[in-house]
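To keep things clear, I will list the structure first and then write my remarks on it.
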Amino acid sequence: MSGMQIPCAGLFKVDSSFIRLGKVKFEYSATNRMQKPEKESRKITKRSQVLRLPRDEQAFDVQLAFPDDVILDATPHLMLSIHTGRNHVTKATVRLHNPTNDVVFNIEKAEVCPGVPAEVIEFSKDHIAIKDALPNTTLRINVPYSGVRLDTIKASPGVG
């Protein structure tokens, strides 16, 4: 399975870059690799190249958040939102995990929110599969969980 690289928005200091044209590769390095790095070279200076990447509102996006309505005596769940953006997603796999294993996601009991095309979503024990989702579609899924450490929850999308 190959992974899809999710675009990142923000302000970045360019250390090196390359352009590949066929079999030819042009490389640029902002630092001299023969010198030992100094503390000053890590700071953004006037000579540094700074690159600002704006947020792409039409990019594939996955977000995990608390739902709008929380029912105290019900099984807790999180809202997983998958936005296809400009992409026709033929196949995607979304896995939820946390590094400390304090939170357990019960993906098999996840539910598709009303108004979401359920035929493009399949649930298994350890992942959510998306198949043939049209462009500009937002898929919302309620994922039940158990555990107490919510600050370490991560969503990792992979597209194959």
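The values are calculated or read from the model by the stated rules, or taken from the named source; none is laboratory data. What you see is a predicted model; the values in this text were computed from it and never measured. Glycine also receives a Cβ, built like all others from the backbone with ideal geometry; neighbour counts cover every protein chain displayed. SASA here: full protein model, heavy atoms, side chains in, ligands and nucleic acids out. Shrake-Rupley method; radii C 1.70, N 1.55, O 1.52, S 1.80 Å.
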- Task: Find all pairs meeting these conditions: Cβ atoms under 7 angstrom apart; at least six residues apart or on different chains; first residue within the stretch 129-146 and surrounded by 14 or more Cβ atoms within 10 Å (Cβ to Cβ); second residue assigned to a strand (DSSP E or B) and of a type in the set (Phe, Trp, Tyr).
- Result: VAL143/PHE105; TYR145/PHE105
- Using beta carbons and a limit of 6 Å, which pairs, at least six apart or on different chains, have the first residue in the stretch 57-81 and closer than 12 Å to THR138 by Cβ and the second one modelled with pLDDT under 85 and open to solvent by less than 60 Å² (accessible area, probe 1.4 Å)? VAL62/ALA155; VAL62/PRO157; MET79/PRO67
- Item | Top-ranked residue of the stretch 130-149 - restricted to ones that are part of a strand (DSSP E or B) and of a type in the set (S, T, N, Q), ranked as farthest from THR75 (Cα to Cα) | THR138
- Hey, THR93 within 20 Å of the chain's Cα centre (by Cα) and either in contact (Cβ under 8 Å) with a residue 60 or more places away in the chain or surrounded by 15 or more Cβ atoms within 10 Å (Cβ to Cβ) (or both) or not: yes
